[in-house]
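The values are calculated or read from the model by the stated rules, or taken from the named source; none is laboratory data. None of the values given here were measured: they were computed from a predicted structure. Using ideal geometry, Cβ is built from the backbone for each residue, glycine included, and neighbour counts are taken over all protein chains shown. Remember, those area values only see protein heavy atoms, side chains included, never the ligands or the DNA or RNA. Shrake-Rupley method; radii C 1.70, N 1.55, O 1.52, S 1.80 Å.
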Amino acid sequence: MLLLRCPLPLLLLLLPLDSTPQKLPTRDEELFQMQIRDKAFFHDSSVIPDGAEISSYLFRDTPKRYFFMVEEDNTPLAVTVTPCDAPLEWKLSVQELPEEASGEGSGDPEPLEQQKQQITNEEGTELFSYKGNDVEYFVSSSSPSGLYQLDLLSTEKDTHFKVYATTTPESDQPYPELPYDPRVDVTSLGRTTVTLAWKPSPTASLLRQPIQYCIVINKEHNFKSLCAVEAKLSSDDAFMMAPKPGLDFSPFDFAHFGFPADNNSGKERGFLKSSKFGRQTSPKPRVDLHRVCIGNKNIFTVSDLKPDTQYYFDMFAVNTNTNMSTAYVGTFARTKEEAKQKTVELKDGKVTDVFIKRKGAKFLRFAPVSSHQKVTFSIHSCLDAVQIQVRRDGKLLLSQSVEGVRQFQLRGKAKAKYLIRLKGSKKGASMLKILATTRPNKQSFPSLPEDTRIKAFDKLRTCSSVTVAWLGTQERNKFCIYKREVDDNYNEEQKKREQNQCLGPDTRKKSEKVLCKYFHSQNIQKAVTTETIRGLQPGKSYLLDVYVIGHGGHSVKYQSKLVKTRKFC
């Protein structure tokens, strides 16, 4: 089975011009392995090799097309696209090959131009499309034979990306598998150190493949892929590794972007020797981001950190055989202060991220600059429940346990100062978002009903659909529902191990999205909506999630609901 990606002129040049029947080249395993070892073979072509990850680049607003061929019907197929430092738009489509090109062929060969017309005159059938910066993939257990096209576009900036395609996804498994709990835990927190722990990848513990773990530390945000980290580390954006002039570019392209033109590029159509190109720009400041690979250990202490500073930690499992990686669910933590812990100042109407170590506590202070009648505290606990106490000028006004999203409205007082004490869970570290405001219209968190459960109607279950309902509010919000197939033995304990509840729908796969809609009702008794989710498989279990997205863009997830379709209808 062969996967190819190549520009159409190269694809046509590969067709033989002798008297034998013409057909697209097939995969020769020995030759293929040689080509995989020689990475330069695929650097500047548009041929996607079967079972190997390639790295490439896009200029902004300049689309790029890749090809690969599946020779037999009912072939398994998996295609993975990893954006690096910018969102991508990509589409996978397939079109039938000329009869003589897809088989062994017999009789007189078709003229070359006739084959070209047969390939280029058809648009092909779109199989999948995606827009965003997530690692996204297309998987099919039975794909038709034909010429597959992968079209990519970056509309934001010049960028790198990676593509992996295979016709043997079950046996290849080049990406390390994540454990059942993919979170990175903060087990110890000091003034200059943070100790992290995570569960080992089954690829190492069960399959005995060589896995090493790489930790990335920075002060800005979490990363979704190691490719994104490498792009950030680049001293000159996507031009750290400049593309070489070849089949995909003309000398004008490189002169336009600041690269020296090669006058012999038209004569030498092969690959150039390794050389460095650079734009004539001033050097950029050093990126405050660090990466360290620690072998196969699953506990590590990060040292030499600054006190009272928030850091983001990402963990990547890397298969050292394939050099391909998978991201754990990252975390963040603030190191301890040098001296006595300071009280964090809350700004009116601004959401603040708070990290609390296991059994730890955090103090926050809110001092409104103007007189006010009421003050509102909104809290979104990302993981386990946290305890909140609010005192006004030393007087205790509130003491509550908060799980999920809660909002408290307290009576105000002129020149009052509020001290908030947050106590973490006994089970583990806590993360939360908190907002304090004296302006009732300044709400970053969406309003929620008292009951955030999703109700499933058992009598309306079929073999291919389920019907669910959930409550809304009098405020018009956007609701998005997502589904994910799970094993039959999936239970509540596993649900609790799901990733950070503060992560919104932007972290979900596009294939899991069912729909989004706006909903509200002035009559709170009638603020309920129903939805029938179709296209499900008989006798399968699904985990349903509803996200409500507020006007400020902050999303909150309802309680997940486990449903199962009927096996017989």
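So for the stretch 454-564, taking the charge dipole from beta-carbon charges (+1 Lys/Arg, -1 Asp/Glu), which of VAL546, ASN523, VAL563 sits furthest toward the positive end?
ASN523
Probe of 1.4 angstrom, ligands and nucleic acids ignored: what's the accessible area per residue over the stretch 344-437, in square angstrom?
Heavy-atom SASA per residue in the stretch 344-437 reads 50 Å².
Set the Förster distance to 35 Å, then compute FRET efficiency between ASP73 and ARG476 from the Cβ-Cβ distance, nearest 0.05.
On the way: r = 49 Å, r/R0 = 1.40.
So the FRET efficiency works out to roughly 0.10.
With a 1.4 Å probe and every protein chain kept in, tell me what percent of the accessible surface of the stretch 344-437 is carbon plus sulfur. Working shown, then result.
On the way: 2130 of 4740 Å².
Ligands and nucleic acids excluded, carbon and sulfur give 45 percent.
What pairs from LYS224/LYS306; LYS374/LYS517; LYS357/LYS455 go past 26 Å between their alpha carbons?
Distance filter (> 26 Å) returns LYS374/LYS517; LYS357/LYS455.
At LYS509 and SER399, where each label point lies 7 Å from the Cα along Cα→Cβ, what is the point-to-point distance in nanometres?
With each label placed 7 Å out from Cα toward Cβ, I get 4.7 nm.
Which of rounded, prolate, oblate describes the stretch 460-569, given a ≥ b ≥ c as roots of the alpha-carbon gyration tensor eigenvalues and a/c under 1.5 marking rounded, otherwise prolate only if a/b is larger than b/c?
oblate
For a test of the definition: using alpha carbon positions, the gyration tensor, and the 1.5 limit on a/c, classify the stretch 300-459 as rounded, prolate or oblate. Intermediate values should be presented prior to the final figure.
Details: a/c = 2.30, a/b = 1.37, b/c = 1.68.
Verdict is oblate for the stretch 300-459.
Please give the peptides 387-400, 349-362, 423-436 ranked by average Cβ packing (other Cβ atoms within 10 Å per residue), highest first, as a rough proxy for protection.
Details: 387-400: 14.3, 349-362: 16.9, 423-436: 20.0.
Descending mean neighbour count gives 423-436, 349-362, 387-400.
Ignoring ligands, DNA and RNA, what accessible area per residue does the stretch 454-564 give at 1.4 Å, in Å²? Walk me through the numbers before you get to the answer.
On the way: 5880 Å² over 111 residues.
It amounts to 53 Å² per residue over the stretch 454-564.
For the stretch 392-470, run through the chymotrypsin sites (Phe, Trp or Tyr not before Pro) and keep only the ones in DSSP coil with at most 15 other Cβ atoms within 10 Å of their Cβ. Provide the component values of the computation, followed by the final result.
Numbers: sites: PHE408, TYR418, PHE457, TRP470; in loops: PHE457.
Passing both the DSSP loop test and the Cβ count: PHE457.
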